[in-house]
Amino acid sequence: MAIKSVSIRMEEEMLKKLGYVAEYEGRSLNSQILVLIRNCIKDFEESNGKIDGTIEPFDNVKPAGKK
């Protein structure tokens, strides 16, 4: 599996708070963000069904909304 890099913009206060949470949990900021992303995907799949594994990470296609 290839490792990709993503740059995000956020308010400085949010970054500091996220850093605080990461340190409290004994993780790096990067590891904390990965935990949050994994949890988001898991929650989404539990509510909406498994996401097709053939979707490439760089495909930025918004799926049709839940009806």
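The values are calculated or read from the model by the stated rules, or taken from the named source; none is laboratory data. Every value quoted in this text rests on a predicted model; they were computed, and no experiment measured them. Glycine gets a Cβ as well: all are built from the backbone with ideal geometry, and neighbour counts include every protein chain shown. When the accessible area is computed, the model is the full protein with side chains, heavy atoms only, and any ligands, DNA or RNA have been set aside. Shrake-Rupley method; radii C 1.70, N 1.55, O 1.52, S 1.80 Å.
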Review point. When residues of segment 43-56 are filtered for being open to solvent by less than 70 Å² (accessible area, probe 1.4 Å) and within 16 Å of Ile3 (Cα to Cα), how many remain?
Key: 0
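Given the criterion of a type outside the set (Phe, Trp, Tyr) and not in a helix (DSSP H, G or I), identify the matching residue among Ile37, Ile41, Ile3, Ile33. Don't jump to the end; show me each part of the working.
Working: Ile37 fails: not in a helix (DSSP H, G or I); Ile41 fails: not in a helix (DSSP H, G or I); Ile33 fails: not in a helix (DSSP H, G or I).
Going through Ile37, Ile41, Ile3, Ile33 in turn, just one is of a type outside the set (Phe, Trp, Tyr) and not in a helix (DSSP H, G or I): Ile3.
Quick one: in segment 17-42, of everything that is more than 16 Å from the chain's Cα centre (by Cα) and exposed (fewer than 10 other Cβ atoms within 10 Å of the Cβ), which residue is nearest to Thr54 (Cα to Cα)?
Kept after step one, since they are more than 16 Å from the chain's Cα centre (by Cα), are these residues of segment 17-42: 17, 20, 23-26.
Right, trim to exposed (fewer than 10 other Cβ atoms within 10 Å of the Cβ) and you get 24, 26.
Details: Tyr24: 36, Gly26: 33 Å.
Only one residue fits best here, namely Gly26.
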Review point. Which number in (1) modelled with pLDDT under 95; (2) closer than 22 Å to Ile8 by Cα; (3) of a type outside the set (Val, Ile, Thr) marks the one condition that Glu25 misses?
Key: (1)
